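See below for the structure under consideration.
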Amino acid sequence: MHLTASANALWTLTFIFEVVLCAFVIHRRLWRRLPLFTTYVLFKFFVTAALWLVYKRFSYDSDFARYFYWSTQSLLLVTRGSVCVELCLLAFKNRPGLWVHAQRVLNSVTAVVLVYVVIDAYRQAYFATKIILSSESGLELSVAILLASFLLIASRYRIPIERAPSLIAVGMCMHSSFKVLNTSLLKPWLDPHFSWWNNAQAISFQVALVIWIFALRRPLPETKPAPTLLPMGVYQSYARLVGQRLKDLDRDIQEVTKP
């Protein structure tokens with residue numbers, strides 16, 4: 001069985017968008033700023049092209065196509081998760097206090113997702129295939145939650161983020177949110193009534209591709225060097241001095257306010 005005309009059209013459009021995005025990534029030398037996102041984009045382009053050739057040669061319901069698809073999906077899961085961590089690191093690299101709390105959130109979400117994946121996959125037949133499906137669903141939910149939280153925290157604490165990384169986070173958050181909504185809620189309900197709903201996930205990824213292309217259409221600003229910090233002992237001495245001054249001030253206020 002071969003791809004339908006609508007699937008072929010969507011696949012071709014996705015391939016064109018990915019070619020344009022890869023050209024922008026290479027032209028902007030994005031690997032200097034976002035090496036993991038660059039890896040994800042280039043690998044996703046390779047997967048799209050390779051799957052197209054495999055489906056054309058073996059048909060998409062063949063055993064070889066199925067094995068190739070699931071093996072590439074497992075690698076894409078890893079790269080998507082690494083991009084989420086990279087964006088968080090980029091935002092909080094100059095905010096070590098906030099990054100400590102962000103790490104706790106990341107670790108907690110990762111632990112919950114792993115438990116969910118194992119339990120959900122164990123209850124299903126074909127454990128190996130189902131664990132990839134469960135991992136994909138759990139990871140997309142994690143990416144959507146973490147990136148949405150990342151954008152909210154950055155806005156709340158006025159953390160300066162470059163335009164390109166922020167739009168990359170928006171595009172990935174939108175795509176992950178739609179995949180969670182599509183897989184968990186809408187697709188099981190709408191599939192019996194709308195055959196075209198299977199193409200909605202491809203369209204959501206195309207929207208993310210357009211956002212990423214828009215983010216890279218202008219040259220990236222020059223990176224500013226990180227501020228030079230003094231030795232830790234200097235900050236500790238200042239902290240002790242300020243603490244002592246506050247204690248002295250509190251004692252003077254108590255002396256003044258005595259009847």
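Remarks
- Mean Cβ neighbour count within 10 Å, used as a protection proxy, ranking 167-177, 208-218 highest first: 167-177, 208-218
- Residues with amide H under 5 Å from that of residue 60, placed H, sequence gap 5 or more: 3
- Segments 69-75, 243-249 sorted - mean Cβ within 10 Å per residue, highest first: 69-75, 243-249
- For the range 1-101, the list of trypsin sites (Lys or Arg not before Pro) that fall in a loop by DSSP and count at most 12 other C-beta atoms within 10 angstrom reads 29, 93.
- Summarising the amide proton neighbourhood of residue 34: residues at separation of 5 or more, or on other chains, whose placed amide H is nearer than 5 Å comprise an empty set.
No value in this document is a laboratory result; all are computed from the given coordinates. Small disclaimer: the values here were computed from a predicted structure and weren't measured. For neighbour counting, all protein chains shown are included, and Cβ atoms are generated from backbone atoms with ideal geometry for every residue, glycine included.
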